[in-house]
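Data block below; observations after.
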Amino acid sequence: MQQLLAYLEANRERTLAELKEFISIPSVSSQSDHADDMRRCAEWISAHLKAIGLEHVQVMETAGHPLVYADWLGAPEAPTVLLYGHYDVQPVDPVELWSSPPFEATIREGNIYGRGAVDDKGQVFAHFKAFEAYLKNTGKLPLNVKVLVEGEEEIGSEHLDAFVKEHADLLKADLVLISDSDMFARGVPSVCYGLRGLAYMEVEVTGPNGDLHSGSFGGSVHNPIQALAEMIASLHDRNGRITIPGFYKDVLALSKTERSSFRKLPWKDRKYAASLGLKELYGEKGFTTLERLWARPTLECNGIWGGYTGQGAKTVLPSKAYAKISMRLVPNQRSASIARLFEKHMKKIAPKTVSVKVRALHGGEPALTPIESPGVRAAVVALEKGFGKKPLYQREGGSIPIVVQFKEILGIDTVLLGFGLADGNAHAPNEFIVLENFFGGIRTTLHFYNELPGIWAKDRRKH
Ligand code: BES
Ligand code: MN
Ligand code: MN
């Protein structure tokens, strides 16, 4: 270990230069003019994994963006870890709000800024550097690894399901490891054992059969933007609860133990509100902020449009109005049935003055992973060694839909070992990863791979 840690130290500058190169490839999965960059990024990862000594490295095709597979299977007695991550990133707009160009990673104030710095290039790359340290110094890894880096996570992992089903043998492993989430706070490492799911909907409301002069027609026609706004406003009641009938039916109640463990976490609503520039927080009555973020379902309007939004004024009574609405889900809600309830409800509350169409864009299931598993125990030891501090246990409000698919298709649990920060601007301008989290992340993964085989074997003997 001492030798490996010294190797990491000695190679800090080169490691940063490589991460910058990785970030410089604009792998925006949602924009078709970046299709070539997607492939270039997959090729870059593949070349890198070959160079550090992984085997069977290949760029594999899907019906969408390619993904990268690699493995190292030279430890027959030891468990096999499937490392999953994504190389695709979110769009950069509004680009004028970035302090440095999004695809030119820049170090300022101890952070690395750039699109993908934390979500998820920097976090995946930390694992690559741990593999490199082992392979260059000892010629082997302490266990078997399979690496799967996909290019469609940010657009709902549309083709990954089919890929996992088709390649179930290739991907067979004892546990999944993902670094694509956050630590509890700066300098406070944590293991994450829960993610929310997602049901993402689009609503189209049509009023009159064409745009109308608002003077000639205003007063006789229900404006579809108004109708849609009224519908959206009615989706929450005065207690911040969602009004869709049956919405909460499958929600797993928080246990007393879990509520009290959340309460013990270092958290101040006032500080949190201030950090967001808010005087007051909002949410479902009867629950704390962390409970609402991690273990309660929510409904958000992501965007609403229609009519005239260009320069100056235009007196129009538009024909159509649209909204994108997403719901974060918790165990044991299922995205398909929530999508159905949403559609039924929107049609029911639509006034007779308009017609409404509802479309489901994508979904993902919520996940909870067992915290007594050997994988989580290894993560706890590794985080303590990597960051010099005992980690906390937490859940997350975000979603990684493939976690449940790994469980349902491959039958394996996921360990979430995140090095991001909730205020790290993921999906926003000036995304960053804290340098110390990046290097702490490399040390932690190094320890994780070292600790897991022993903890795994002990667990085997017990059962
Ligand atoms: N890395 C995030 C998920 C995440 C964020 C987990 C914060 C834990 C904490 C991931 O890249 C992401 O953005 N997921 C999407 C999923 C969606 C596109 C299906 C999300 O949560 O919105
Ligand atoms: Mn991510
Ligand atoms: Mn993301």
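If the condition is being charged (D, E, K, R) and either open to solvent by less than 10 Å² (accessible area, probe 1.4 Å) or modelled with pLDDT under 95 (or both), then the stretch 409-439 contributes 423, 431.
Among the residues of the stretch 25-49, the one identified as more than 21 Å from the chain's Cα centre (by Cα), of a type in the set (Ser, Thr, Tyr) and surrounded by 15 or more Cβ atoms within 10 Å (Cβ to Cβ) is 46. When residues in the stretch 382-408 are screened for being crowded, with 18+ Cβ neighbours inside 10 Å, more than 16 Å from ligand 1 (Cβ to nearest atom) and assigned to a loop (DSSP other than H, G, I, E, B), 0 of them pass.
For the residues 306, 363, the requirement of being buried (at least 18 other Cβ atoms within 10 Å of the Cβ) and within 16 Å of ligand 1 (Cβ to nearest atom) singles out 363.
Put simply, of 164, 145 the only residue that is away from ligand 1 (no atom under 16 Å from the Cβ) and over 15 Å from the mean Cα position of the chain (by Cα) is 145. Comparison of 284, 280 shows that the only residue that is touching a residue at least 12 places away in the same chain (Cβ under 8 Å) and not hydroxyl-bearing (Ser, Thr, Tyr) is 284.
Residues that are out of contact with any Pro (no Cβ under 7 Å at 6 or more places or on another chain) and either assigned to a loop (DSSP other than H, G, I, E, B) or assigned by TED's automatic domain parsing to the domain that holds residue 142 (or both) within the stretch 351-360 comprise 351, 352, 353, listed in sequence order. Scanning the stretch 139-182 for residues that are farther than 16 Å from residue 67 by Cα and basic (Lys, Arg) yields a total of 2.
Is it the case that residue 161 is open to solvent by 40 Å² or more (accessible area, probe 1.4 Å) and assigned by TED's automatic domain parsing to the domain that holds residue 371? Working first, answer last.
Details: open to solvent by 40 Å² or more (accessible area, probe 1.4 Å): yes; assigned by TED's automatic domain parsing to the domain that holds residue 371: yes.
Against the criterion (open to solvent by 40 Å² or more (accessible area, probe 1.4 Å) and assigned by TED's automatic domain parsing to the domain that holds residue 371), residue 161 qualifies.
Within the stretch 99-117, the set of residues being part of a loop (DSSP other than H, G, I, E, B), aliphatic (A, V, I, L, M) and open to solvent by less than 10 Å² (accessible area, probe 1.4 Å) comprises 117 only.
When the strands (runs of 3 or more DSSP E) confined to the stretch 153-213 are screened for residues that are within 16 Å of ligand 3 (Cβ to nearest atom), those reaching at least 2 such residues are found at 197-206.
Name the one entry in 353, 369 that is surrounded by fewer than 17 Cβ atoms within 10 Å (Cβ to Cβ) and among the hydroxyl-bearing types (Ser, Thr, Tyr). Answer to the selection: 353.
Within the stretch 99-106, none of the residues are within 25 Å of residue 407 (Cα to Cα) and not aliphatic (A, V, I, L, M). Name the residues in the stretch 394-434 that are more than 13 Å from ligand 2 (Cβ to nearest atom) and of a type in the set (D, E, K, R), would you? Residues satisfying the conditions are 395, 407, 408, 413, 423. Do we find a residue being in contact with a helix residue (DSSP H, G or I) (Cβ under 7 Å, 6 or more places away or on another chain), of a type in the set (Lys, Arg) and assigned by TED's automatic domain parsing to the domain that holds residue 152 anywhere in the stretch 308-324? No. Pairs are defined by a Cβ separation below 7 Å, a sequence spacing of at least 6 or placement on different chains, a first member in the stretch 151-163 that is within 11 Å of ligand 2 (Cβ to nearest atom), and a second member that is of a type in the set (Lys, Arg) and open to solvent by 10 Å² or more (accessible area, probe 1.4 Å); no pair meets this definition.
The values are calculated or read from the model by the stated rules, or taken from the named source; none is laboratory data. None of these values were measured; they are calculated from a predicted model. All Cβ positions, even for glycine, are placed from backbone atoms using ideal geometry, and neighbour counts span all protein chains on display. Keep in mind that these areas ignore ligands, DNA and RNA; they rest on the heavy atoms of the full protein, side chains included. Shrake-Rupley method; radii C 1.70, N 1.55, O 1.52, S 1.80 Å.
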